[in-house]
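Shown next, in structure tokens, is the structure this report addresses.
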Amino acid sequence: MRISTRILAAASVAAMSLFAGAAMADGEKYVIGTDSTYPPFEYVDASGQFLGFDMDIARALCTQMKAECTIVSSDWDGIIPALQAKKFDMIISSMSITPERSKLVDFTNKYYNTPPAIAVPKDSTVTDVAGLKGKTIGAQTSTTHANYAEKHLADTELKLYPTADEYKLDITNGRVDAVIDDVVVLSQWVKSDAGACCKILTTLPVDKEINGVGAGIAVRQGDNELREKLNNAIAAIRADGTYKKIQDKYFDFNVYGD
């Protein structure tokens, strides 16, 4: 899961996708913002379609709310300012619910919760977290994972990247010794051809002050009506089996957490 901690003034809105909830009742229309560079949660295929767990959840929620929804892609660093500037109505982008972020936006209940993890090259001599001392560790900038490394891995050299793709490229080419991110993101990557270089070293204990209590949907402060509609929709898709169907498409474990 990710969370922006340094707020920039602008967002880069690139791609756009439209979909509608079945049997739309009252013409509700919402724009959803996402940073579409975070597989398997959100990414864009060659045809420009938004795919991934978060995107399937977004579509299911819009169907449940009988709403017409448009997805737009935003740079991660600017995604909160873009929400505040009303460029979209909500953020569905693996954003962790944290006390710091809750000062700027309102969150729904969580829709998944997974811990952070460390990945290292397969030939690494590092066998545990203590072995990372003095090593260079890569992370995506302005994320909970970067914050976690700054606090709990202070004896490492932290190298920050605008996107996860860039730290993956550097560890593949031997320019960093380890990387930190969500366990799902890293696990999916090391199982792929692109991540054949690497392996999961370990998962890390959750720091609730940094990692929060799970990923939620962010809405503008005071938008209680939309937040409650989303909370009700999250509960409904979990109750009717839709959530599990989406989860099982991507994961072989309970991604919702306890």
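The values are calculated or read from the model by the stated rules, or taken from the named source; none is laboratory data. In this text, all values refer to a predicted model and were calculated from it rather than measured experimentally. All Cβ positions, even for glycine, are placed from backbone atoms using ideal geometry, and neighbour counts span all protein chains on display. Surface areas here come from the heavy atoms of the whole protein model, side chains and all, with no ligands, DNA or RNA. Shrake-Rupley method; radii C 1.70, N 1.55, O 1.52, S 1.80 Å.
The table for this structure:
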| quantity | calculated |
| --- | --- |
| Test: I200 is surrounded by 19 or more Cβ atoms within 10 Å (Cβ to Cβ), at negative phi and within 21 Å of the chain's Cα centre (by Cα) | no |
| Any hit, region 105-121, residues being under 17 Å from the mean Cα position of the chain (by Cα) and of a type in the set (G, A, S) | yes |
| Residue count, region 207-258 (criterion: of a type in the set (K, R) and open to solvent by less than 10 Å² (accessible area, probe 1.4 Å)) | 0 |
| Some residue of region 9-29 being buried (at least 21 other Cβ atoms within 10 Å of the Cβ), in a loop (DSSP other than H, G, I, E, B), at pLDDT 60 or above and of a type in the set (A, V, I, L, M, F, W, C) | no |
| Pair list, Cβ < 9 Å and 6+ apart or interchain, from region 51-62 residues that are outside the structural domain of K245 (by the TED database) to residues that are open to solvent by 10 Å² or more (accessible area, probe 1.4 Å) | none |
| Residues that are surrounded by 24 or more Cβ atoms within 10 Å (Cβ to Cβ) and touching a strand residue (DSSP E or B) at 6+ places or on another chain (Cβ under 6 Å), drawn from region 51-61 | D54, M55, A58 |
| Conditions (1) free of Cβ contacts under 8 Å to residues at least 60 places away in the same chain; (2) open to solvent by less than 20 Å² (accessible area, probe 1.4 Å); (3) aliphatic (A, V, I, L, M); number of the one not met by A46 | (2) |
| Any hit, region 177-194, residues being touching a helix residue (DSSP H, G or I) at 6+ places or on another chain (Cβ under 6 Å), within 18 Å of E42 (Cβ to Cβ) and either of a type in the set (S, T, N, Q) or surrounded by 16 or more Cβ atoms within 10 Å (Cβ to Cβ) (or both) | yes |
| Those residues of region 68-80 which are without any contact (Cβ under 8 Å) to a residue 60 or more places away in the chain and open to solvent by less than 10 Å² (accessible area, probe 1.4 Å), in sequence order | C69, I71, V72 |
| Only one of T114, T98 that is touching a strand residue (DSSP E or B) at 6+ places or on another chain (Cβ under 7 Å) and either part of a loop (DSSP other than H, G, I, E, B) or not aliphatic (A, V, I, L, M) (or both) | T114 |
| All positions within region 120-161 that are under 24 Å from Y38 (Cα atoms), open to solvent by 30 Å² or more (accessible area, probe 1.4 Å) and touching a residue at least 24 places away in the same chain (Cβ under 8 Å) | K122, N147, K151, H152 |
